[in-house]
Amino acid sequence: MMLFKLSLRNLKKSFQDYTVYFLTLVLGVAIFYVFNALDSQGVMDAVSASTREIIQLMLTMLAGVSVFVSVILGFLIVYANNFLIRKRKKEFGVYLTLGMSRGGISRILLGETVLIGLISLAVGLVIGVFASQLMSILVARMFEADMTAYTFVFSSRAAGKTVIYFGIMYFLVILFNAGAVSGYKLLDLLTAGRKNDEVRVKNPVISGVVFVISLGILGYCYLSVLGLLGVVNRNRIMVLILLGSIATFLFFWSLSGLMLRMVQARKSFYLKDLNLFVFRQMNSRIHTMVFSMTVICLMLFLTIGVLSCGVSVNQSLTAELEELTPRDVCMTKSMEAGNGQVEESAGKGIAEYLSGKGFALSEELREGYVEITTYTLPGLTWEDTLGESKEQVMEQFPMLDWTQREELVPLSAYNRMAAFYGIPTYELSEDEYVLLCTFDSMKGIRDMALGAGAPLEIGERQYVPKYEECRDGYLSMSSSRTIFGIYVLPDSAFENEAFLPYCNYLAGDYRGDSEEEKSFIEEQISEATKRTPIYVVSKLSLRESSVGIGAIMTFIALYLGIIFLISSAAVLALKELSEASDNRERYQVLRELGADQGMIRGALFRQIGIFFLLPLSLALVHAVFGVQFVNRMLVILHGGSQLGAILFTGVFLTLIYGGYFLATYLGGRRILEE
């Protein structure tokens, strides 16, 4: 009981020292609960069955992410405990001198750890429960659920999972604390306040060479991901990630040997105020935290990357959805035999095929629906139409099947479908063609050939491009611009018997007016086309899938982004608070030498600011190139606003990272002014 009272008194006395640690635990618990309670929200009952399946997929993925998150938080808690124990070494030495056993000290730590753990868990769960209600509103807006179904919900499953995961983490912390106390020597504990980390002064020449090498490696990585130094395939991207990580380590290693020298070279700045003291302290800290700064920088880079890319992908998926889905439904069917089709279905259009199965589309679709057929020409493949750029293109996109046949459509058929969709129609002379392509990377490839006037030879006739660039257009609805190429030719070209029917397209509107009627018709069509060679896409299904994928990307990005950011900021904050406690005597010496309170506070502010800005600055540079690379890989998701993603990420960083910086400064100032 006496040891418990001592633990309680120590906790009350040191509560301000535990503030950052306590804040981190509370945020960790709250976030863990919020993302594991998504399936318990009342609005889930108000979404459609297909949307519910998408949400279930999202929850399954988030459950896997939660395991990874728990590992990150576990390491963070152990790391934070290590700082707190180091700060109290002298206190433990006094306990041993007064006759307390190491087991008694371990029990004191056990009591403090359990107390702060229980308080953090309780507060975090309370915050998480209320925050999850806000999350339910976000889920409802993303999935267009009826908010009248909203009820205040407490998820016992999510709470139980949170308690179990954090219980396991705290058990590991208790084992670590016991092992740490048993390994300390009495002399080390009593002299802890006067011992400094051993700092080896690096040779400035070697540091300079390593600094240049690190910049050279980073420059190579940056230019590579921009595509300026050759093609980046899967194997090479792994090499670039490894090189970037090594270069980041070398950057901080060399900086610890150069920063003080560079500042000293500017005498007027170095000798101003307390900069001499600030930069010597910073030089010492970077020396001892090269690996930690590297890990923090990479975690901040991941935070910026997953947040900006996650939000950007979500915006891109819905940016042009309305424009690309002008009708209720679109169906496609191969006209060829083979490829899993029974012979009887070959050559039959969609309406004819379904009629033969006893299903009349005219009863489900409004009058005026459009059905057209496209063709192929034996021997005319993607590779054949690349022209002089063939080798360069095939090397840049080795995963594409360049033996695929080109798809061709008569002008009158295309114009009927385009007019029905409300997109531009075209006019052609008897010797002209138009090439439709909306996929950005392929469009650039196609434009090279069109700019050179690449002709199409069909039989004895030759056709030339009407435009020097690809035009917009499509035959099937989609959630993104994914047309790799469709040739529009004059109707007379298809008099050549070499053309073979390739694909049948049918687009129309449901006869129903209300959402319920349209959903019922969609279910009827879906049932009729099951186990058939007909592929059906609808405005409703495309919207649900786009919103669903966007939600998955957004929630995973938020989950990982918050955890990475909290972990990075917490490690920096704990390190700075520990250093402030260790350096209290040094700041007292500055006061005795005549430094006033304003100068000391300014020195502390600059010191903590530089410490927080160093890894963030390099992480931002990494992110500028990393996000561009991801966007190049995701060109299929055309149309998203980068500005919105950048603003969101900036606000997010400012609130959390800036919040930790402010809490660290105020905590450090309190320690120095006690």
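Before moving on, here are some points about what is shown:
- Scanning region 284-293 for residues that are without any contact (Cβ under 8 Å) to a residue 60 or more places away in the chain and touching a helix residue (DSSP H, G or I) at 6+ places or on another chain (Cβ under 6 Å) yields one hit, Val290.
- Identity of the residue in region 245-280, modelled with pLDDT under 70 and not in a helix (DSSP H, G or I), that ends up nearest to Val205 (Cα to Cα): Ala265
- Test result for Leu572, aliphatic (A, V, I, L, M), surrounded by fewer than 21 Cβ atoms within 10 Å (Cβ to Cβ), in a helix (DSSP H, G or I) and out of contact with any His (no Cβ under 7 Å at 6 or more places or on another chain): no
- The single condition from (1) more than 37 Å from the chain's Cα centre (by Cα); (2) open to solvent by 20 Å² or more (accessible area, probe 1.4 Å) that Leu558 fails is (1).
- The lone exception for Asn415 - which of (1) open to solvent by less than 70 Å² (accessible area, probe 1.4 Å); (2) in contact (Cβ under 8 Å) with a residue 24 or more places away in the chain; (3) under 20 Å from Ile372 (Cα atoms) it fails: (2)
- Filter result for Leu59 (open to solvent by less than 10 Å² (accessible area, probe 1.4 Å), part of a helix (DSSP H, G or I) and modelled with pLDDT of 60 or more): no
- Top-ranked residue in region 631-665 [being hydroxyl-bearing (Ser, Thr, Tyr) and at pLDDT 60 or above; ranked as farthest from Leu613 (Cα to Cα)]: Thr649
- Complete set of residues in region 535-551 that are at pLDDT 75 or above and either assigned to a helix (DSSP H, G or I) or surrounded by 20 or more Cβ atoms within 10 Å (Cβ to Cβ) (or both): Ser538, Lys539, Leu540, Ser541, Leu542, Arg543
- Test: residue in region 448-456 that is at pLDDT below 85, touching a Phe, Trp or Tyr at 6+ places or on another chain (Cβ under 9 Å) and small (Gly, Ala, Ser): no
- Residue match in region 120-128 (condition: modelled with pLDDT under 85, of a type outside the set (Asp, Glu) and within 32 Å of the chain's Cα centre (by Cα)): yes
Let's see how each residue does on (1) open to solvent by less than 30 Å² (accessible area, probe 1.4 Å); (2) acidic (Asp, Glu); (3) at pLDDT below 90; (4) within 30 Å of Ala351 (Cβ to Cβ):
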{"residue": "Thr403", "(1), (2), (3), (4)": "no, no, yes, no"}
{"residue": "Ala419", "(1), (2), (3), (4)": "no, no, no, yes"}
{"residue": "Leu436", "(1), (2), (3), (4)": "yes, no, no, yes"}
{"residue": "Asp440", "(1), (2), (3), (4)": "no, yes, yes, no"}
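- Pick from region 288-326, criterion farther than 23 Å from Leu565 by Cα and modelled with pLDDT under 70, ranking: farthest from the chain's Cα centre (by Cα): Glu320
- Output for region 510-520, where each listed residue is open to solvent by less than 20 Å² (accessible area, probe 1.4 Å) and not hydroxyl-bearing (Ser, Thr, Tyr): Gly512
- Listed by first and then second residue, the pairs with beta-carbon distance under 9 Å, at least 6 apart or on different chains, first residue in region 217-243 and charged (D, E, K, R), second surrounded by 13 or more Cβ atoms within 10 Å (Cβ to Cβ) and at pLDDT 70 or above, are Arg236/Ser224.
- Any hit, region 580-601, residues being part of a helix (DSSP H, G or I), buried (at least 21 other Cβ atoms within 10 Å of the Cβ), modelled with pLDDT under 80 and within 35 Å of the chain's Cα centre (by Cα): yes
- Scanning region 411-449 for residues that are among the polar types (S, T, N, Q), part of a helix (DSSP H, G or I) and over 24 Å from Asn504 (Cα atoms) turns up just one, Ser441.
- Number of residues in region 357-367 that are assigned to a loop (DSSP other than H, G, I, E, B) and either open to solvent by less than 50 Å² (accessible area, probe 1.4 Å) or in contact with a Pro (Cβ under 9 Å, 6 or more places away or on another chain) (or both) equals 3.
- Checked against (1) modelled with pLDDT of 85 or more; (2) within 25 Å of Asp328 (Cβ to Cβ), Ser480 meets all criteria but (1).
- Residue list for region 427-456, filter: among the acidic types (Asp, Glu) and more than 21 Å from Pro490 (Cα to Cα): Asp440
- Residue list for region 450-509, restricted to those being among the small types (Gly, Ala, Ser) and either buried (at least 16 other Cβ atoms within 10 Å of the Cβ) or not in a loop (DSSP other than H, G, I, E, B) (or both): Gly451, Ala454, Gly473, Ser476, Ser478, Ser479, Ser480, Gly485, Ser492, Ala493, Ala507, Gly508
The values are calculated or read from the model by the stated rules, or taken from the named source; none is laboratory data. Computed from a predicted model, the values in this text were never measured in an experiment. In this analysis, Cβ positions are derived from the backbone assuming ideal geometry, glycine residues included, and neighbour counts consider all displayed protein chains. The protein model used for the area step is the full one, side chains on, heavy atoms only, and it has no ligands, DNA or RNA in it. Shrake-Rupley method; radii C 1.70, N 1.55, O 1.52, S 1.80 Å.
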